[in-house]
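**Q** Just passing along the structure, written as structure tokens.
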Amino acid sequence: MMKSCEISGKELLDADVITPVDLYEWLKANSGNEAAIIGVRLPCYCFLQSLLNSIRSGSNGLLLPDGVEINHLNKPKDKLLDWFFNPIMVLKEQIKVIKLGDSEVRLLEKLVLFGNNTERIDAWDNRSSIPQDSLRAAQIEGISRRFEFPLFYV
């Protein structure tokens, strides 16, 4: 089963992974593209943590932070919700199937939080490493792209 070092937004800020400049840019931004790390990527990072917790716990659905599990049997019956819930379950299954190791989970966290910003990826030493197997590295990168906006391509 996967393990991940969960890091909250405040801990990311305290560790200078997210900077006060990121917060300032987010506050003054007119669009999501101007402050993508705080406005888009940090929520995606938090969502990734929820997916990882759901996988680790053996949940058949999405385990929320308060311990409530939403699955196909108890989710609200709404067509609009299905457009989001079903791709989320597909993404969860894709992450589960490739059985990420700890270092690979940390790499996925970096990629989700910083996208293609190699300077920021390199600056955060979270003990991740790029897999030697290029197929494995491509799988992790592909999953990280699924978190980009628009969210959850299927």
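**Q** Radius of gyration and Dmax for the range 38-94's Cα atoms, expressed in Å?
**A** 11.5, 33
**Q** Give the residue list of trypsin sites (Lys or Arg not before Pro) in the range 105-152 that are DSSP loop and have at most 16 other beta-carbon atoms within 10 angstrom.
**A** Listed in order of number, the matching sites are Arg127.
**Q** The range 35-55 to the range 58-118: how many Å between their Cα centroids?
**A** 10 Å
**Q** For a quick check, take a GNM of the chain with Cα springs below 10 Å and name the residue from Phe47, Phe84, Phe114 with the largest mean-square fluctuation.
**A** Per the Cα network of the chain with a 10 Å cutoff, Phe84 tops the list.
**Q** Right, here's the next one. Counting each DSSP H run of 4 or more residues in the chain as -39500 (n - 2.57), what helix-only mean residue ellipticity at 222 nm follows after dividing by all residues, to the nearest 500 deg cm²/dmol?
**A** It lands at -16000 deg cm²/dmol.
**Q** Could you check the spin-label model distance between Gln94 and Lys77? Points 7 Å from the Cα along Cα→Cβ, value in nm.
**A** Going by the 7 Å Cα→Cβ label model, 3.0 nm.
**Q** Just to check, using Stokes-Einstein with a Kirkwood Rh over alpha carbon pairs, what's the diffusion coefficient of the chain at 4 °C and 1.567 mPa s in µm²/s?
**A** 79 µm²/s
Computed from the coordinates by the stated procedures, all read-outs in this text should not be read as laboratory data. Just so we're clear, the structure is a prediction, and the values are computed from it rather than from any experiment. As a convention, Cβ positions derive from the backbone with ideal geometry for all residues, glycine included, and neighbour counts pool all protein chains shown.
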